[in-house]
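The values are calculated or read from the model by the stated rules, or taken from the named source; none is laboratory data. Computed from a predicted model, the values in this text were never measured in an experiment. Neighbour counts run over all protein chains shown; Cβ positions are idealised from the backbone, glycine included.
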Amino acid sequence: MERRKKKYNWEPYVFIAPNFIGFIVFILLPVLFSLGISFTDFDIFKGFSHTSFVGLENFKTMFADEWFWVALKNNILYTAVTIPVTLVISIVLAVVLNNKTYCTNAIRVMIFIPYIASIVAISVVWMMLFNPSQGLINQFLIALGVSNPPGWLGDMQWALPAIMMVGIWMGLGYNTVIYMAGLQGISESLYEAAQIDGASKWQEFIYVTVPMLRNTTFFLVVTSVIASFQVFGTVNIMTNGGPGNATTVLAHYIYVSGFRYYKMGYAASMAWVLLIAIFGVTLLQWKYQKKHESNF
Amino acid sequence: MGKMLRKLTTGLLAGTLAVTTLVGCGSPNNASKDKEAASETAAPAEKDAKSSNGAQKLVVWGGVPAESGPQKLVDAWNSQNPDTPAEYVRYVNDESGNTKLDTGLLSGEQIDVFFTYSADLLQKRAESGMLEDLRNFKGDEFVNSEISGGMDAVPQINGGLYSMPTAIETIGILLNQKMLDAKGIKIPENWTMAQFMDIAKQLTGEFDGKKVYGTTVLYSELPLPIAETTLGGDWIYKSDTESNFDHPVFKANAMLKEMITNGSALPYEEVVSRKLAAYSHPAFLNGEIAMMPTAAWMLRYVKDLENFPHDFVTTFAPFPRLDENTPNPYAAVLNNHISMNSKSQNKDKAWEFMQFWVKEASKYVEKAPSWNKANQEEVVKLILGENSEKLFDAEAYKKVMLNPELKYSLVTKTTGLAQVMQIYKDETTKFILDATSEEDYYKNLKTKADAAIQKEVK
Amino acid sequence: MQSKRKLIKLILTLILMVVALVIVFPFIWMLVCSFKPLNEIYEFPPRFFSPNMSFDNYKEVLFNQNPSFMTYFKNTVITTAVAVIGTVFTSSMAGYAFAKLNFKYRDQLFMLYLVTMMVPFQVLMVPQFIQFKYMGIFNTLWALILPRLFTPLGTFLMRQFFLEVPTEIIEAGRVDGLGEFGIFYKLVLPLAKPAVSTVVILNFVWRWNEYEAPLIFLTDSKLFTLTVGLTSFIDEAGFAQDNLIMAAATVALIPMILVFLIGQKYFIEGLTSGSVKG
């Protein structure tokens, strides 16, 4: 944060005005609206005149709601697995792709494709691949000698891992590209210094590359945490939260509560709990990063 | 940082309060809108009628794709009613599609006539005042004289008539005649679950070099509707405040699970990952299962030889009963409910259109019509199609699907229906996948469903 | 030494090629299925090639739909283009202000932007629906465009980039008496080409593939976008003609790949020049 002598000036407001007006109208208002209804029993059938204020009732219900906790657990699991795995694979891919291979561009484009394809198409293809008896994945596993391959999307144990696999697959290309960009920013001289100190390639990676990518990692973690708590499309299309509640995640349960059970007040209150949780996590990351930023 | 956080929190709180107050007493716009809506019922206002280019038109929302019948029906109406042409808008009958319709109705979008496909949605829409009570147009008389089953078979909500069914959905089982013949199997009259299990086992095995399962045990993402066909529309309710899952007929589910375990029914993983849990026709028409649960309208896939090439005759059987002493006649339901928006600007024409749809649907839409004066032979011809002898056992069709002894399954209770169905689905899945024991399955079903219903009651 | 290094490079290339092929494999399978008749998609054992493969699915998708797929295409291009251009304009200005200008509550405001990024779309659906209805943009392409002109994430990205721009440049501009707009337009923006292309590509991807919003906010099928067009191959029973979906998805993916191929140089540059550094 810069400290400079301030004089009153109007220009900054002009700069943010176009964005800010739109932001207020199209984002902030609906968001506050949802906050408002989270304290009510609103649903679209009641309309506004029959909606009543229920105080913290929705929040109380939530803490006693078994499905909410399952959704939260699944979501945390999803986040805790997909983000580290994606980051580790991407950072390795990025380092290798960075000046250590031929055809870098071609490879980069290939791994980026999952990120730019429509979620509908992706889900349909993966459902074909995950088919337990006819899908290519299990065919492949059987060929490798796995006698009893998982039932994937129809299996209580494997459905969430299957969704995670798709999540990781979708994020790899994007994360790798961003890491590659981050690598460009690391000065050669640091590596030269490391080499003079007799560091091995592995030590270079651990002591130079990884720490120097901290800012990039921060950016990726912040945005991925947000995205992973909003994961919806793949779950909705591939499993609809099932089997049982094996893949119910928060965004999906919020959707089901609001639009299948018609409890929009309740759905909004869950969304706000979710939001506050993400906000808290982001704030922590922010603080952590600010603290370390000064070292560089 | 701390200071900033505090400021932000204060700001958010202030915003929250402001909004809650607004919502509490109705935000200015919405409040006036509601008042407007209230006065509209008495004296039709001007807004939407004017905005639609001056000309009068009817807007009709339905879930059936326009090209599978509704467009032709609407065209027929338009040629007879050039002054008030109708426009058909298709919405997808899922959560977001229904939300779109509901929010449209709520916010005053011009929708004069629309369709509802589930009992609990119909009830919610009726109770919210979105629907016109058709008794205002002597709808009850029309239903009694024109619709099979009359008022007794039609949902009435708090004494009002808010919709008319346009189709009869009959459910039953499709069978692959070739496979039956190869094993010399004949389906007994009024067969029982035990016989069903036995026949499924016999049909399981190799056929034409392909692995064949006797049947699938899921329909509409739920176990085969043995309980529903036995108990009728309110099959999940014992009373207004209690679920019915301790009823002995639900024991059929354990037998259905047994069929998956012993390999005579399509494995659950397979069903789920191929999206066969709702409708299993791709597996049936591909010769992977010998029997499949069906609703009459699904016969269109049997006729679709381009996407589902097959060379066997399809025959029909009713759903098995739990045992000899448990008849299950509730295999038909009046469905595809047509309703009128209570805020329609053109109610008389809308009502005319609704009657037109009930009577004319049989000519264009490939579903058994609810109209009791429809020519049954014509309907059979429309539903089974050309060259039907190569595809269907028409006699069996008439005997099973048009059986005059079938009773209409009528839903009258909807308290927590969506939640209970979700519980039923989740718990059954866990049971089938061996994540719960049989004992726990029935216990959980009962307690969780009871809790869900009670939560809605208070 | 030199040749050993080359060998290692070659081996690494081969390994990564295999990895990349595995990653792209679902799309190869999508392509294969897009040529097959429906009943062969789920045949067992699966085959890569079948004598029945043809362009029929593409013909069906491109020419036999009503409204035609070209209509969906046109709608998608319009909404994507307008939304992307708009968002570049608004977020570069706001991003600059958040990064380099001082005003009251700047950081708090920015935090607010970040917070709203976290709101799931499901929560906004109903409020936005009602809002659009009152604004009269429900069931118009504006319902897709207007809310997307102000993406908080775009602002976030631009701000991150502008943070890296040396303040000396701006001070120099002030000394020259350029005025804030002059500085932004003449000095800073030209530097931001890479960041702009990042925002363009990312927003392009998101808008092009947007699924829920068009599903909810459009009723007229003449206004549908490509992703919603994909769902037109799913019938009322939820039964999907997967072969047609695969063909349509392939058609929809091609422009995205082209944009990425063309823009990736700038995209990478954009990320490199600091837009993603905290």
Item to check | Residue that is nearest to B:L131 (Cα to Cα), among those in the range B:344-372 that are at pLDDT 90 or above and out of contact with any strand residue (DSSP E or B) (no Cβ under 7 Å at 6 or more places or on another chain) | outcome: B:S344
Checklist entry - For residues in the range B:278-300 being within 24 Å of B:D426 (Cβ to Cβ) and among the hydroxyl-bearing types (S, T, Y), which is surrounded by the most Cβ atoms within 10 Å (Cβ to Cβ)? => result B:S280
Next on the checklist: Please go through (1) crowded, with 19+ Cβ neighbours inside 10 Å; (2) under 24 Å from the mean Cα position of the chain (by Cα); (3) more than 26 Å from A:N148 (Cβ to Cβ) for A:M127 and return the number of the only condition it doesn't satisfy.
Outcome noted: (3)
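When you check C:M118 against the structure, is it surrounded by 21 or more Cβ atoms within 10 Å (Cβ to Cβ) and within 30 Å of C:G263 (Cβ to Cβ), yes or no?
On the way: surrounded by 21 or more Cβ atoms within 10 Å (Cβ to Cβ): yes; within 30 Å of C:G263 (Cβ to Cβ): yes.
Taking the combined requirement at face value, the residue satisfies it.
Out of A:E204, A:E192, I need the residue that is within 19 Å of A:V95 (Cβ to Cβ) and without any contact (Cβ under 8 Å) to a residue 12 or more places away in the chain. Which one? Give the derivation first.
Working: A:E204 fails: without any contact (Cβ under 8 Å) to a residue 12 or more places away in the chain.
After applying the criteria, what remains is A:E192.
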Item to check | Within the range B:335-423, helices (runs of 4 or more DSSP H) holding 3 or more residues that are of a type in the set (A, V, I, L, M, F, W, C) | outcome: B:347-364, B:376-384, B:394-401
Item to check | Test for A:E11: is it among the charged types (D, E, K, R), surrounded by fewer than 22 Cβ atoms within 10 Å (Cβ to Cβ), without any contact (Cβ under 8 Å) to a residue 60 or more places away in the chain and within 30 Å of C:E164 (Cα to Cα) | outcome: yes
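Please give the helices (runs of 4 or more DSSP H) falling wholly within the range C:131-237 in which 3 or more residues are surrounded by 18 or more Cβ atoms within 10 Å (Cβ to Cβ) and at the interface with another protein chain (Cβ under 8 Å from one of its Cβ atoms). Talk me through it step by step, then tell me what you get.
Numbers: elements: C:142-145, C:152-164, C:167-175, C:179-182, C:193-208, C:212-217, C:226-231.
In the range C:131-237, the matching helices (runs of 4 or more DSSP H) lie at C:152-164, C:212-217, C:226-231.
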Next on the checklist: Need the failing condition index for B:K100 against (1) surrounded by fewer than 19 Cβ atoms within 10 Å (Cβ to Cβ); (2) free of Cβ contacts under 8 Å to residues at least 12 places away in the same chain; (3) assigned to a helix (DSSP H, G or I), just the number.
Outcome noted: (1)
Next on the checklist: Of everything in the range A:111-151, what is away from chain B (no Cβ under 14 Å), free of Cβ contacts under 8 Å to residues at least 24 places away in the same chain and assigned to a helix (DSSP H, G or I)? Give them in sequence order.
Outcome noted: A:I116, A:A121, A:F140, A:I142, A:A143
Item to check | Residue identified as at positive phi and either of a type in the set (K, R) or surrounded by fewer than 23 Cβ atoms within 10 Å (Cβ to Cβ) (or both) among B:K303, B:K275 | outcome: B:K275
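Do we have B:T326 as over 17 Å from the mean Cα position of the chain (by Cα) and either more than 9 Å from every other protein chain (Cβ to nearest Cβ) or closer than 24 Å to A:I237 by Cβ (or both) here? Talk me through it step by step, then tell me what you get.
Values: over 17 Å from the mean Cα position of the chain (by Cα): yes; either more than 9 Å from every other protein chain (Cβ to nearest Cβ) or closer than 24 Å to A:I237 by Cβ (or both): yes.
When the stated conditions are applied, B:T326 passes them.
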Item to check | Any hit, the range A:252-272, residues being touching a Ser or Thr at 6+ places or on another chain (Cβ under 7 Å), without any contact (Cβ under 8 Å) to a residue 12 or more places away in the chain and assigned to a helix (DSSP H, G or I) | outcome: yes
Item to check | Pick from the range C:238-247, criterion more than 8 Å from chain A (Cβ to nearest Cβ) and in a helix (DSSP H, G or I), ranking: farthest from B:E306 (Cα to Cα) | outcome: C:A247
Checklist entry - Looking only at the range B:177-196, which residues are without any contact (Cβ under 8 Å) to a residue 12 or more places away in the chain, under 18 Å from B:P320 (Cβ atoms) and outside any loop (DSSP other than H, G, I, E, B)? => result none
Next on the checklist: Only one of C:I8, C:I28, C:I15, C:I23 is in contact with a Pro (Cβ under 7 Å, 6 or more places away or on another chain), within 11 Å of chain A (Cβ to nearest Cβ) and closer than 26 Å to A:A94 by Cβ. Can you tell me which?
Outcome noted: C:I23
Item to check | Residues within the range A:206-251 that are over 30 Å from B:I423 (Cα atoms) and either more than 14 Å from chain C (Cβ to nearest Cβ) or not in a helix (DSSP H, G or I) (or both), tallied | outcome: 6
Item to check | Residue within the range B:332-342 that is closer than 30 Å to B:I185 by Cα and under 19 Å from the mean Cα position of the chain (by Cα) present | outcome: yes
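Any idea how many residues of the range B:299-308 are touching a helix residue (DSSP H, G or I) at 6+ places or on another chain (Cβ under 7 Å) and free of Cβ contacts under 8 Å to residues at least 24 places away in the same chain? Talk me through it step by step, then tell me what you get.
In the first step, residues of the range B:299-308 are kept if they are touching a helix residue (DSSP H, G or I) at 6+ places or on another chain (Cβ under 7 Å); the result is B:299, B:301-303, B:307-308.
Then drop every residue that is not free of Cβ contacts under 8 Å to residues at least 24 places away in the same chain, which leaves B:301, B:307.
Residues that pass the stated criteria total 2.
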Checklist entry - Considering the range A:92-109 alone, what residues qualify as being without any contact (Cβ under 8 Å) to a residue 40 or more places away in the chain, facing another protein chain (nearest Cβ under 7 Å) and part of a helix (DSSP H, G or I)? => result A:V96, A:I107, A:V109
Item to check | Output for the range B:103-134, where each listed residue is assigned to a strand (DSSP E or B) and either free of Cβ contacts under 8 Å to residues at least 12 places away in the same chain or aliphatic (A, V, I, L, M) (or both) | outcome: B:V113, B:L131
Checklist outcome for this item: Those residues of the range A:88-112 which are under 17 Å from the mean Cα position of the chain (by Cα) and surrounded by fewer than 20 Cβ atoms within 10 Å (Cβ to Cβ) amount to A:V88, A:I89
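Within the range C:62-84, can one find any residue that is of a type in the set (D, E, K, R), more than 9 Å from chain A (Cβ to nearest Cβ) and farther than 30 Å from A:Y266 by Cβ?
Taking the range C:62-84 first, the residues of a type in the set (D, E, K, R) are C:74.
From the residues that got through so far, the ones that are more than 9 Å from chain A (Cβ to nearest Cβ) too are C:74.
Cutting the leftovers down to farther than 30 Å from A:Y266 by Cβ gives us C:74.
For the range C:62-84, residues of a type in the set (D, E, K, R), more than 9 Å from chain A (Cβ to nearest Cβ) and farther than 30 Å from A:Y266 by Cβ: present.
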Checklist outcome for this item: (1) more than 29 Å from A:N98 (Cβ to Cβ); (2) at pLDDT 85 or above all hold for C:F48 apart from (2)
Checklist entry - Looking at the range B:275-293, which of its residues are at pLDDT below 90 and of a type in the set (D, E, K, R)? => result B:K275
